[in-house]
Amino acid sequence: CLWCASSKRCMEYPVRRILPPADLCELRSARWGVCWVNFEALIIAMSVVGGTLLIMLGVCCCCCCCKKKSKKQVSGGAFLSTRPDKDDERAAREREKRRVRQEERRAEMKSRHDEIRRKYGTV
């Protein structure tokens with residue numbers, strides 16, 4: 001039902017068109033369904049609500065993407081990320097280098113100790 005306040009007539013809503021045509025009734029005097037729902041105010045309110053929902057959806061998507069990108073969350077000493085980023089790869093390479101150097105130092109120390117034992121006959 002389309003109520004036109006200027007002509008005070010109730011007519012069937014033209015379903016093929018979203019907005020009522022101006023020759024039937026002006027938009028500011030058109031009422032939808034019941035007499036108190038102003039068609040112009042309804043369109044503005046629906047636009048504001050729809051825009052707000054779209055903005056909230058966008059913010060939620062951005063927050064989710066930011067959480068996925070920041071893979072620096074540590075729980076119990078273990079990284080939660082599934083794919084290491086450049087910093088994680090660099091840190092892993094440095095840990096591996098340190099481990100190799102430590103093993104080399106241990107081997108050197110062992111060989112020195114063995115040499116000293118042979119020299120003094122404690123082998």
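The values are calculated or read from the model by the stated rules, or taken from the named source; none is laboratory data. The shown structure was predicted, so the numbers you read here are calculated from the model rather than taken from an experiment. Here Cβ is always computed from backbone atoms with ideal geometry, including for glycine, and neighbour counts include all displayed protein chains. For accessibility, only protein heavy atoms count, side chains too; no ligands or nucleic acids. Shrake-Rupley method; radii C 1.70, N 1.55, O 1.52, S 1.80 Å.
Some values worked out for this structure:
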item: Surface per residue (accessible, 1.4 Å probe) for segment 2-64, Å²; result: 77 Å²
item: With all protein chains modelled, accessible area of R95 [1.4 Å, Å²]; result: 130 Å²
item: Amide H contacts of V37 (H built 1.01 Å from N, under 5 Å, at least 5 apart or other chain); result: W32
item: Spacing of the two label points (7 Å from each Cα toward its C-beta) at L24 and R117, in nm; result: 10.2 nm
item: Hull volume in cubic angstrom per residue (convex hull over the Cα atoms of segment 2-64); result: 94 Å³
item: Sulfur and carbon atoms: percent of accessible area, segment 2-64 [1.4 Å]; result: 71 percent
